[in-house]
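One structure is given below, encoded as structure tokens.
Taken together, the values in this text are just the output of simple stated rules run on the coordinates, not laboratory data. Just so you know, these numbers come straight off a predicted model, no measurement behind them. Heads up, the Cβs are rebuilt from the backbone with ideal geometry, glycines too, and the neighbour counts pull from every protein chain shown.
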Amino acid sequence: MRGGYNEEVRQEAWKTAALAAGCLLLAVAAAWSALGQQADQFAYDFLLWLRPPAARPASAVVVALDEPTLRTFGSMAHLRRPLTRVLEVIARSDARAVAVDIQLPDLYDPVWDLPLGRALAATPNLVLASNLVQGAWEDPRPEFSRHAVLGHVHADPDRDGVSRQVLLAKAGAGRRRWALALEAFRLASGGAAIVESEDGLEIGGVAIPATRAEQRAVRIRYLPKDGIERISVKDLIERPETAARLRGRAVFLGVTVQGGPDRLMTPYSFGEAMPGVEIHAHLYETLARGEFLRSAPDSATLALAGAIAAALAVCFWRLSGMRAFLAGFGVLALAHAIPVLLFARNVVLPAATPVAASWFCLLGLGARHHLLTRRTLKDTQAQRNRYQQAIHYVTHELRTPLTAIQGSSELMGRYTLSEDKRKEIAGLIHRESRRLARMVEMFLSVERLSAGQLQLKREPVPAGEVIQSCLERARPLAEPKQIRLRFEEPSGDELTLLGDREFLEYACYNLITNAVKYSPASTEIVVRVERTGETVRLTVADQGYGMDEQEVRRVFQRFYRTRRAEQSGEAGTGLGLALVEEIVVGHGGSIEVASRINEGSRFTLVLPRAAARVGV
């Protein structure tokens with residue numbers, strides 16, 4: 001019994017684990033889909049907005065060629081005029097580095113190109129923009145870049161158009177350029193060389209987690225809106241004293257006009273694109289602060305999702321009822337909290353995978369747990385109903401023999417009776433006690449079969465012998481009513497059933513005695529046995545009262561008796577046919593009923609043939 005219990009526990013554990021594994025696979029597939037990746041990006045943007053960098057003065061400043069500047073000094077076609085004048089101011093500001101995010105590949109006007117060249121040459125720690133166009137670098141003219149370092153200005157957005165990271169290195173036409181902000185940071189840090197490794201870069205003792213495997217990508221730790229100070233070129237030119245705000249800071253000079261060509265969406269855009277020069281300033285601030293966001297490896301993400309699925313499987317395997325769901329919701333909350341807690345430690349873990357794993361497993365395992373609980377409740381209710389019926393049986397069906405036995409024994413004890421009377425009463429007590437024993441045995445057999453506690457034997461049983469034995473036992477009941485019992489057995493080999501002989505005889509005998517009890521006198525009962533494929537059909541046909549369709553549907557219910565059966569005066573409990581059905585189903589067979597009022601009934605047992613099981 002203990003071994004069976006352990007096997008059942010193991011099977012339940014395997015089923016729960018298999019369901020959790022299936023839900024996990026679906027969750028991973030959903031998380032790695034386009035929709036799941038978009039959800040990861042939304043979660044990342046939310047966490048970036050929720051946990052901004054510490055509030056302190058920025059070490060980068062944007063000098064903006066904005067709308068007031070263009071209105072004062074000319075349109076976009078004449079940028080070199082204000083650019084030259086503002087560089088002359090910046091050169092005297094003692095800025096740590098100056099990054100110019102303006103393309104200078106062409107000649108414009110010698111009147112302005114020559115002063116621009118002199119202004120650029122006079123600007124210390126200067127970085128100029130280089131753009132990769134169709135695989136070739138578009139560099140500034142040599143007279144502009146003679147005393148400058150070149151840096152690429154690409155801030156390639158993700159699939160949704162939002163710029164979240166920058167590749168610190170870009171290669172094309174056999175040459176590689178570092179990012180504009182990285183070169184500005186290197187010059188501001190003293191001009192030390194960039195040391196490369198597989199795991200990142202190092203500049204002046206600052207380790208940057210830009211791995212070669214991720215193409216030297218670095219996530220930009222954007223500051224909140226207006227976190228980077230912006231100064232208008234117009235203000236610097238008209239009020240040179242404003243340049244004092246640039247001292248000791250990295251200057252990023254570029255176009256910021258609305259609708260300009262170099263604007264991208266960021267996690268802080270809120271519908272308004274950010275100028276590219278400002279994006280480079282945020283990247284510089286990320287490098288200067290050293291608050292880098294590192295990506296968790298895919299293996300760690302999958303391991304976490306697997307651990308969540310396993311935890312939910314254990315919850316719904318070991319716990320029951322509301323406790324399982326409460327524990328499951330606790331794991332669900334933990335799955336949502338882990339990406340937030342890791343982000344606080346500057347680790348970016350894709351939230352879609354663990355969150356999807358927690359939801360898929362919770363819904364899948366929870367639904368199964370709910371269905372199993374409902375089935376258990378249903379079985380419990382059915383068991384309760386059976387016991388209620390048992391009580392009904394005891395109070396109604398057993399009352400008659402118990403009353404007879406009690407009354408007869410009381411007569412024998414209180415009165416002096418003749419020997420013949422005592423024998424008569426003793427015979428009554430014996431008959432009623434035997435009847436009572438048969439009722440109890442029948443009831444217990446039905447209950448044990450229904451509960452699966454009674455194991456049926458599996459052995460060859462000749463069908464003809466079973467029927468002949470039942471007919472011989474039933475003849476004393478049939479003779480007083482002059483009912484003929486006839487057995488029609490097919491010629492040839494005797495048909496053999498596979499089952500428990502004692503229970504098969506009970507089923508056959510019950511059908512025959514029912515036919516005798518509920519058939520008029522001077523009628524005939526025919527018992528037939530025949531083979532149909534790999535089964536044996538055993539039929540008992542009578543010429544009795546018959547049943548209507550509603551009675552046929554209910555005839556196998558426990559304690560149910562048809563109206564004509566009750567009116568006949570024949571004693572009965574309504575359990576016989578219920579036990580017959582349990583026996584037949586327990587043998588892997590079925591029972592068929594055909595009946596009409598006043599035309600008789602035909603009960604057919606369809607049972608497995610022994611040869612079908614042993615391969616004969």
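Express as a percent, rounded to the nearest 5, the fraction of DSSP beta bridges in the stretch 54-290 (both residues included) that run antiparallel.
Details: 17 of 41 bridges.
The antiparallel proportion sits near 40 percent.
Roughly speaking, what is the stretch gain from Glu488 to Ala367, that is 0.36 nm per residue apart minus the C-alpha to C-alpha distance, in nm to one decimal?
Working it through step by step, the gained length comes to 38.1 nm.
Take the chain, mark every one of the GluC sites (Glu not before Pro) that falls in a DSSP loop and has at most 11 other Cβ within 10 Å, then report the longest stretch left between them, sites excluded.
273-493
Once you have the Cα-Cα distance between Arg434 and Ser75, take 0.36 nm times their residue separation minus that, and quote the gain in nm to one decimal.
Between Arg434 and Ser75, full extension yields 117.5 nm more.
Take every Cα pair under 8 Å in the chain that's 6+ residues apart, average their separations, divide by the length, and report that relative contact order as a whole percent.
The normalised contact order for the chain reaches 12 percent.
Looking at the chain only, what percent of DSSP beta bridges run antiparallel? Nearest 5 please.
Looking only at bridges with both residues in the chain, the antiparallel portion is about 60 percent.
Could you state the number of Å between the C-alpha centres of the stretch 275-354 and the stretch 481-541?
Distance between centres, Cα-based: 71 Å.
Excluding same-chain residues fewer than 8 positions from Lys234, which aspartates and glutamates have a Cα within less than 15 Å of its Cα?
Asp66, Glu67, Glu88
Taking Rh as the Kirkwood radius computed over C-alpha pairs, what is the Stokes-Einstein D of the chain at 25 °C in a medium of viscosity 0.890 mPa s, expressed in µm² per second?
Translational diffusion coefficient: 74 µm²/s.
Using R₀ = 56 Å, calculate the FRET efficiency as 1/(1 + (r/R₀)^6) where r is the Cβ-Cβ separation of Arg323 and Arg230; round to 0.05.
On the way: r = 57 Å, r/R0 = 1.02.
Step by step, r from the Cβ atoms, then E = 0.45.
If amide H atoms are built 1.01 Å from N in the plane of the peptide, which residues on other chains or at least 5 residues away come under 5 Å of the amide H of Phe487?
Distant-sequence amide H within range of Phe487: Val527.
When Ile512, Ile429 are ordered from fewest to most other Cβ atoms inside 10 Å of their Cβ, what list results?
Ile429, Ile512
Which residues in the stretch 56-89 have a backbone N closer than 11 Å to a point placed 7 Å from the Cα of His147 along the Cα-to-Cβ line?
Answer for this model: none.
Could you give the length gained on full extension between Lys423 and Ser590, defined as 0.36 nm per residue of separation minus the Cα-Cα distance, in nm?
Additional length available on full extension: 55.5 nm.
Go ahead and estimate [θ] at 222 nm for the chain from helices alone: -39,500 (n - 2.57) per DSSP H run with n ≥ 4, summed, over the residue count, rounded to 500.
-16500 deg cm²/dmol, from helical runs alone.
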